[in-house]
Protein chains: 4
Amino acid sequence: MPKAQVAEIDLKARRGRPRDARADRAILDAVLDLLVEVGYAGLTIEGVAEKAGVAKTTVYRRWPSKASLVVALGQDVATKVRVPDTGTVRGDASALLRDVIKTYTKTVVGRVIPGLIADMAENPDLAEATRGYLGTRRIMIEILQRGISRGELRPDIDIELTADLMYGPLAYRFLISGAPLTARFADKVVDAALLGSAPRT
Amino acid sequence: MPKAQVAEIDLKARRGRPRDARADRAILDAVLDLLVEVGYAGLTIEGVAEKAGVAKTTVYRRWPSKASLVVALGQDVATKVRVPDTGTVRGDASALLRDVIKTYTKTVVGRVIPGLIADMAENPDLAEATRGYLGTRRIMIEILQRGISRGELRPDIDIELTADLMYGPLAYRFLISGAPLTARFADKVVDAALLGSAPRT
Amino acid sequence: MPKAQVAEIDLKARRGRPRDARADRAILDAVLDLLVEVGYAGLTIEGVAEKAGVAKTTVYRRWPSKASLVVALGQDVATKVRVPDTGTVRGDASALLRDVIKTYTKTVVGRVIPGLIADMAENPDLAEATRGYLGTRRIMIEILQRGISRGELRPDIDIELTADLMYGPLAYRFLISGAPLTARFADKVVDAALLGSAPRT
Amino acid sequence: MPKAQVAEIDLKARRGRPRDARADRAILDAVLDLLVEVGYAGLTIEGVAEKAGVAKTTVYRRWPSKASLVVALGQDVATKVRVPDTGTVRGDASALLRDVIKTYTKTVVGRVIPGLIADMAENPDLAEATRGYLGTRRIMIEILQRGISRGELRPDIDIELTADLMYGPLAYRFLISGAPLTARFADKVVDAALLGSAPRT
DNA sequence: TTATAAACGAGACGGTACGTCGCGTCTTATT
DNA sequence: AATAAGACGCGACGTACCGTCTCGTTTATAA
């Protein structure tokens, strides 16, 4: 749910006709459909309004841009990723990365991200909002911290760097090199990233 | 040199009025200027034609899209990156990554890449062309192989993975997390990526 | 009044932002100006929009083609030709034809008709619309009928043919032979066309 | 045959490669084909060149415009209208007009004339050239003069006017009113035009 | 026999206009 | 107020032809 609506609830004493919640739904549904059909580049606000059976103004009243629309959709359907718990950092990290790979290669998310990145580069607010929900990276951070608590990892490791060593290669392959993203690749990346993290004997 | 140009020379027996090389120059110059002024998103073929003092058709005759135009510019001004040679893999890799970071943070390249990535995602040919020249990644591969020859690295390491472990975190920060790209970060990434690569004693 | 406008008034309950009448005016004014300046062949919708200070889309929203634009202008400024009444068919017909000649030789109408005819030939709807207002021919029919009522003409004459015998030679000279169109010619044509129409004695 | 070629024959002493007569043929053939396929408005010099299998320059070297091309085609295939000789002016005139009607309603000529008229209005030279061959009007003049010689018509009639009274109504129906052009109409027009021409008894 | 001059094909070039799309804003009547 | 509807100014799209030009390649005649 977008913040705006939370605020609405607080200031309950609003005058005039209240926003129609069905419009929100119809719009986000339309966005999802259209992303599947035409991709991010082909998505237009005009198209969204038409598909949603809603006036263009109704869309603009809620979201100012195509990117924000997509972000809203993301927040709406945000995969409530459950934190994996296999017992080992290696297992958890691997499970998480495999999940990320599946999302990017098998769902519409993968078709959206490149376009979103381009828009993010020109709109810091958007970038902020996107990172907020898009990242499963914070879950990885959590996994690593748990590993430290458990004594499975050395306490002095650079957690941020370690996370980047895992997410980076995935992003690189997905966005740039185009090399295949496989579960096996996820495992190799995890192993490499954790190489120096074992506690000293 | 790209194949296309070599071929052109071979098939020199071209019929009709030859293309005016000054137009190519003027167009690419205009593209560069405009990228600096308005960025990739703000770049339009119409604007390029006007700035170059050339008809729109003349631009379209050579390049079918804004992305291909930018790729051509890239090939044209492609930094003849000299392979670093500091004596050690660690030194070479670090020098290369620092160079990459400088290019992305200090030059117009950084303003172009995000948009280009979005277009690449929808146009495989474009992606192919881009990777061809844009990547300094092959230089990193070279460095690593040299390290193996020298006995500085174990011969059984996964070179591709190692390269991804270096370029990945950079790409991730640059495109997604927005975390700062520093020389120090480059060094840390190099160290982490090479952790398991030292030959057994 | 064309039906379309009547209908518009009836269905007054139009939704959405209403068309701006000033745009219609500005556009038709621009068309008239441009017809004088550059003629029908030189008229472009782009030019009309610019001269009218209006977006090209605004023109297209109203009229789909240059020809329809000109027809609209014609309907707009349609000479409210008053039916001549000199007392005799010969006098009336002559007055009318002289008027037609003046319009075609002294006004911009003459510069427009040839181009319009070419477009009409490829667009029946346009032809229909044009004939609707352009023709003063129906006035001639009226004059002839009045002549019959008065007993000035035989009741069994072929009215349509008689009208064609008058308008035809004018059209022929104007469009094809280029021979001069004079008041004297009008009179001769009228006389010839009415030759067999006098009532039997 | 265009004048230019006549001149060529005179100045026979031309150096350089002579024009290829097959090109003339191919071009005019292409024009005819295209007129049938796409009409005058749809005719383009580029299209003509392509269809003729000839370079655009080769077309331009011979004819400077679409209209002149069509005129050349007209001269080329100019119906060698035989002067009718039925024994009476009425019969001859009727036969001629019926022939004209057939040409305009059954052949590609009818699809070409309106466009040609528009171009003629802006290009006097073209108008001149067109009238030269297009008109069967001079044949009508001939018929009328013969009628006078024979004593079938009064010698003091206005021949030009009489011809206009015949061709005018046809042109009017064809170009403007769109009323049907029938053989019967031709006869009625002839009768009306000749009404006052019989010699005094 | 060789110049030389023109024709020819091919296609580049600067232009102009086309008709369309989508933007983000606005104006109206309705709910 | 929110909504549906749609007009509006705007910018750019990619295309079609225009008429001109510059090439390399024939193909005749004239030197």
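Derivation of every value follows stated rules applied to the coordinates shown; laboratory data play no part. These numbers come from a predicted model, not from an experiment. All Cβ positions, even for glycine, are placed from backbone atoms using ideal geometry, and neighbour counts span all protein chains on display.
What the table below lists for this structure:
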| item | result |
| --- | --- |
| Mean Kyte hydropathy of -0.5 or more with a Cα span along the axis of at least 24 Å, helices from DSSP in chain B | B:21-42, B:89-106 |
| Residue-averaged beta-carbon neighbours from other chains (10 angstrom radius) around C:105-117 | 3 |
| For the stretch C:43-156, convex hull volume per residue from C-alpha positions, Å³ | 121 Å³ |
| Theoretical FRET efficiency, 1/(1+(r/R0)^6), r = Cβ-Cβ of C:D76 and D:D125, R0 41 Å, to 0.05 | 0.75 |
| Compactness index (Cα Rg / 2.2 N^0.38 Å), the protein assembly as shown | 1.45 |
| For A:S65, label point 7 Å along C-beta direction: distances to other copies, nm | 2.1, 4.3, 5.2 |
| Spin-label zone in the stretch A:114-153 - amide nitrogen under 19 Å from a point set 7 Å from the Cα of A:V83 along the C-beta vector | A:132-153 |
| Most positive-pole-ward Cα, B:T136, B:G16, B:Y167, against dipole of chain B from beta carbon charges | B:G16 |
| Gap separating the Cα centres of the stretch B:97-118 and the stretch B:122-191, nearest whole Å | 14 Å |
| Nearest beta-carbon to the D/A symmetry axis - residue in chain D, distance in Å | D:G42, 16 |
| Computed E for A:K56/B:A55 - FRET, C-beta separation, R0 30 angstrom, nearest 0.05 | 0.25 |
| Net charge contributed by nearby residues that have their C-beta within less than 14 Å of D:T201 (K/R +1, D/E -1) | +1 |
| Cα→Cβ-extended label distance, 7 Å offset, between B:R14 and A:D158, nm | 5.0 nm |
| Helical mean residue ellipticity (222 nm; -39500 (n - 2.57) per DSSP H run of 4+; nearest 500) of the protein assembly as shown | -21500 deg cm²/dmol |
| Ascending list, in nanometres, of distances separating the B:G132 label from those of the other copies (7 Å, Cα toward Cβ) | 4.3, 5.7, 5.9 |
| Chain A - Kirkwood radius from inverse mean 1/r over Cα pairs (Å) | 18.9 Å |
| Neighbourhood net charge (15 Å Cβ-Cβ; Lys/Arg +1, Asp/Glu -1) for B:A183 | +3 |
| Nm distances between copies for C:R25, ranked from closest, using label points 7 Å along Cα→Cβ | 4.9, 5.5, 6.4 |
| Residue exposure sequence - A:K56, B:K66 - by fewest surrounding Cβ within 10 Å | A:K56, B:K66 |
| Placed amide H near D:T86: partners under 5 Å, 5+ positions off or other chain | D:D92 |
| Members of C:K66/D:K102; B:K51/D:K66; B:K66/D:K51; C:K102/D:K106; D:K66/D:K188; C:K51/C:K106 lying beyond 26 Å, as alpha-carbon distances in this model show | C:K66/D:K102; B:K51/D:K66; B:K66/D:K51; C:K102/D:K106; D:K66/D:K188 |
